[in-house]
Amino acid sequence: MQTFHNPHHAGHAGQQEMFRGRMVPCHEVPARLDYVLTELRRRPLGAMTITDLTEAALDKGIARVHSARYLDFLANAWDDWVAMDPANAQRDALPSVWPLGNRHAFRNDVLPANFAARLGLFSFDSGSPLTSGTWAAARGGAACALAAANAVASGARSAFALTRPPGHHAGVDFLGGYCFLNNAAIAAQALRDAGHTHVAVLDVDYHHGNGTQTIFYERADVLTVSIHGDPATEYPFFLGHTDERGAGIGAGFNLNLPLPRGSGLAAWRTALDQGLQAVADFGAQALVVPMGLDTFEGDPISGFTLRSEDYFAVGAALASAGLPTVFTFEGGYAVAEVGTNAVNLLEGFQQVA
Ligand code: SP5
Ligand code: ZN
């Protein structure tokens, strides 16, 4: 399995996120990816590649998923933030005002001239700091996702996009949940564009993949499945329930498999088998797995109890789908263990594939 990694990831280094009225140190830190790289060098799965995708090809792939208005916002966000106040150069940008999404509430069709307001318009939480290196890091991650999709479209059994920042919470025109560009959606769309008529996304991160769900919600060509902590108690709270089944021609092509906080491997594996059955029933020609390792028992912000050795079986079960598969790197905040857990999953996949 070829790994695509992004040297710009470390430039995205938030200092603090808002949590219950306090600023706390960021959970989504550059060291996460370094632990995965170190473990991949210790237990190689295949070639490690820095993608040489052209800027034009990258822009094209990103624009297949995200709106021009949002991409323009992201591309200029850091400069606009510093232009508000030169002292902002020392601070991460975080939103503190939001327009809500309800009809007859605030408008979201008028782009505010005020950057702080614009940041709120394109965000859904105050936990996802935007820093000087965020745009380059997010672009570099998306390049990995596209390169991995290209490798699989060219016949590789699987490929790993070692993306950071993560992506599955980002929507067509919003950031949040530490995510800016939806790498998994970009990979899924690239597989569609390469001719795979039916692409499935099976999200195994602890948190519901709300961004991916919304991107494909009204489409019948991309099935989205997510196994996650029940949004009644778990982030991102406002999406991820079982009655969200897709809309329009996409009705029936979204499946949420929420589990209570505290769930362990047995319940989680049952949900995975349900998800894999849905992928098979859909007739998927390719699979994208947003791979969060925050289902781990030691994760500091999550509530499932998978153990490091369990990830071999998770990888093997994913391989049993028998599909060309792209993995994107998502959550996992037990930083010292995230490399072991990620490579256990991928090695488990590779041993069966
Ligand atoms: C990609 C991904 O896994 N995103 C998850 C975003 C979760 N953000 C909210 C986390 C709440 C953090 N709680 C802090 C506890 C401090 N002791
Ligand atoms: Zn997560």
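The values are calculated or read from the model by the stated rules, or taken from the named source; none is laboratory data. Please read these numbers as outputs of a predicted model, since none were measured by experiment. Cβ atoms come from the backbone with ideal geometry, glycine included; neighbour counts cover every protein chain shown. What goes into the accessible areas is simple: the full protein's heavy atoms, side chains included, and nothing from ligands, DNA or RNA. Shrake-Rupley method; radii C 1.70, N 1.55, O 1.52, S 1.80 Å.
Here is the size of the chain from its Cα atoms: Rg then Dmax, 18.7, 56 Å. Each 5 Å bin from zero holds the following percent of Cα-Cα pairs in the range 81-222: 2, 10, 16, 19, 18, 14, 10, 7, 3, 1, 0. For the range 223-263, the relative contact order comes to 50 percent (Cα pairs under 8 Å, sequence separation of at least 6). The label-point distance for Ala280 and Ile301, in a model that sets each label 7 Å from Cα toward Cβ, rounds to 3.5 nm. Other residues whose C-beta falls under 15 angstrom from the C-beta of Arg164 contribute a net charge of -4, scoring Lys and Arg +1 and Asp and Glu -1. Once the GluC sites (Glu not before Pro) in DSSP loops with at most 14 neighbouring Cβ atoms within 10 Å are cut out of the chain, the longest remaining piece is 1-217.
I'd like the chymotrypsin sites (Phe, Trp or Tyr not before Pro) in the range 238-335 restricted to DSSP loop residues with at most 11 other Cβ atoms within 10 Å, sorted by number. Walk me through the intermediate numbers first.
Working: sites: Phe238, Phe253, Trp268, Phe282, Phe296, Phe304, Tyr311, Phe312, Phe327, Phe329, Tyr333; in loops: Phe238, Phe253, Phe304, Tyr333.
Of the chymotrypsin sites (Phe, Trp or Tyr not before Pro), the ones in loops of the range 238-335 whose Cβ has at most 11 other Cβ atoms within 10 Å are Phe238.
The length gained by stretching the chain between Ala232 and Ala156 to full extension, at 0.36 nm per residue less their Cα-Cα distance, is 23.5 nm.
From the alpha carbon gyration tensor of the range 69-137, can you work out the equivalent ellipsoid semi-axes (sqrt of 5 times each eigenvalue) and give them in Å, largest to smallest? Display every interim value, and only then the final one.
Values: eigenvalues 92, 27, 27 Å².
Calculated on Cα positions only, the semi-axes equal 21, 12, 12 Å.
When the surface is traced with a 1.4 Å probe over the full set of protein chains, Ile301 keeps roughly 50 Å² accessible.
To check you understand DSSP bridge types, tell me what percent of the beta bridges within the chain (both residues inside) are antiparallel, rounded to 5.
Working: 7 of 39 bridges.
Given both bridge residues lie in the chain, the antiparallel proportion sits at roughly 20 percent.
With label points built 7 Å along Cα→Cβ from the Cα atoms of Asp109 and Ala220, find their separation and express it in nm. Placing both labels 7 Å beyond Cα along the Cβ direction yields 3.0 nm.
Considering only protein heavy atoms, what per residue accessible area in square angstrom results for the chain with a 1.4 angstrom probe?
Details: 13770 Å² over 353 residues.
Counting only protein heavy atoms, the per-residue value for the chain is 39 Å².
Label point of Gln16 set 7 angstrom out along Cα-Cβ; within the range 94-122, amide nitrogens under 15 Å from it belong to 94-96.
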